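Colleague: Structure in structure tokens, see below.
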Amino acid sequence: MYNMSSDALKKLYVTGSLKNQGEGFVFQVKNLIDSGSISGITKFTVDGEARSLEGATVELNGKVRPVTEITWASSMYVGYGAVLTIYVSGALEPGEHSIVMQVNVPELGSLGFPITDTVA
């Protein structure tokens, strides 16, 4: 099992990918660790406030899945180098934002991906 620091997880965020889209926002994460599975996305916080998982999706290789459908029984395989595009409901105000995405990874446990970026 890997020991993943917050600094190491920050490097997975695709810098500059945070932007408003439709009635929500998107950002990207690139898997630079190893091939493996995601068995759940359990929480989003924006500037310290929890956001609903309802309407949130993950796009991988052109296929979009609601985050609520990613479970231990229905995990998502993510190959090394793959880019995930995450959509969360509720657009962001212009300016800098801190986002944390909590993800369950069987090989690593529960990971909090910290993201800080600016929306124009």
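Quick note: the coordinates plus some simple rules give every number you see, no bench work behind them. Source: prediction; values computed, not measured. We place every Cβ from the backbone using ideal geometry, glycine too, and count neighbours over all the protein chains shown.
Colleague: Would you grab the residues whose amide H sits under 5 Å from the one on residue 82? Only those 5+ places off in sequence or on another chain, please, with H modelled 1.01 Å from N.
Modeller: 31
Colleague: So which residue, out of 104, 20, 61, gets the largest mean-square fluctuation from a GNM of the chain using Cα contacts under 10 Å as springs?
Modeller: Checking each option, the largest mean-square fluctuation is seen for 61.
Colleague: Another one. Short version: ³J(HN,Hα) in whole Hz for each residue of region 81-95, in order, from phi by Karplus 6.51 cos²θ - 1.76 cosθ + 1.60 (θ = phi - 60°), x for Gly and Pro, what are they?
Modeller: Running phi through 6.51 cos²θ - 1.76 cosθ + 1.60 with θ = phi - 60° gives x, 5, 10, 9, 9, 9, 10, 10, 5, x, 4, 9, 5, x, x Hz.
Colleague: Longest segment of the chain with no chymotrypsin sites (Phe, Trp or Tyr not before Pro) in a DSSP loop having at most 16 other Cβ atoms within 10 Å?
Modeller: Between exposed loop sites, the widest span is 3-71.
Colleague: Compute, for the chain, the length of the dipole vector about the Cα centre, with Cβ point charges of +1 (Lys, Arg) and -1 (Asp, Glu) only. Units Debye, rounded to 20.
Modeller: I would put it at about 280 debye.
Colleague: In whole Hz, what ³J(HN,Hα) sequence does region 96-105 give by Karplus (6.51, -1.76, 1.60; θ = phi - 60°), x for Gly and Pro?
Modeller: 7, 9, 10, 10, 10, 10, 8, 10, 9, 10
Colleague: Taking the alpha-carbon set of the chain, what are its Rg and Dmax in Å?
Modeller: 13.3, 39
Colleague: Output wanted: per-residue J couplings in Hz (rounded whole) for region 109-114, from phi through Karplus 6.51 cos²θ - 1.76 cosθ + 1.60, θ = phi - 60°, x for Gly and Pro.
Modeller: Each residue's phi maps through the Karplus curve to give x, 8, 10, x, 8, x Hz.
Colleague: By how many nm would the segment from residue 102 to residue 42 grow when fully extended, if each residue of separation counts as 0.36 nm and the alpha-carbon distance is taken off?
Modeller: Gain in length upon complete extension: 21.0 nm.
Colleague: Same structure again: In nanometres, what is the gap between the two model label sites at residue 19 and residue 65, each 7 Å from Cα along Cα-to-Cβ?
Modeller: Label-label distance for residue 19 and residue 65, simple model: 2.6 nm.
Colleague: Net charge within 15 Å of residue 67 by Cβ-Cβ distance, Lys/Arg positive one each and Asp/Glu negative one each, not counting residue 67 itself?
Modeller: Net charge around residue 67: +1.
Colleague: What value, in deg cm²/dmol to 500, does the helix sum -39500 (n - 2.57) over DSSP H runs of n ≥ 4 give at 222 nm once divided by the residues of the chain?
Modeller: Calculated from helices alone, the mean residue ellipticity at 222 nm is -1000 deg cm²/dmol.
Colleague: Shifting gears a bit: Using the 10 angstrom Cβ neighbour count as an exposure proxy, how do 76, 101 rank, fewest first?
Modeller: Ascending Cβ contact count within 10 Å gives the list 76, 101.
Colleague: Another question about this same structure. Take residue 74 and residue 35, extend 7 Å from each Cα along the Cα→Cβ direction, and tell me the distance between the two endpoints in nm.
Modeller: Those two pseudo-labels are separated by 2.4 nm.
Colleague: Restricting attention to region 17-120, which GluC sites (Glu not before Pro) occupy a DSSP loop and are surrounded by at most 14 other Cβ atoms within 10 Å?
Modeller: 23, 54, 107
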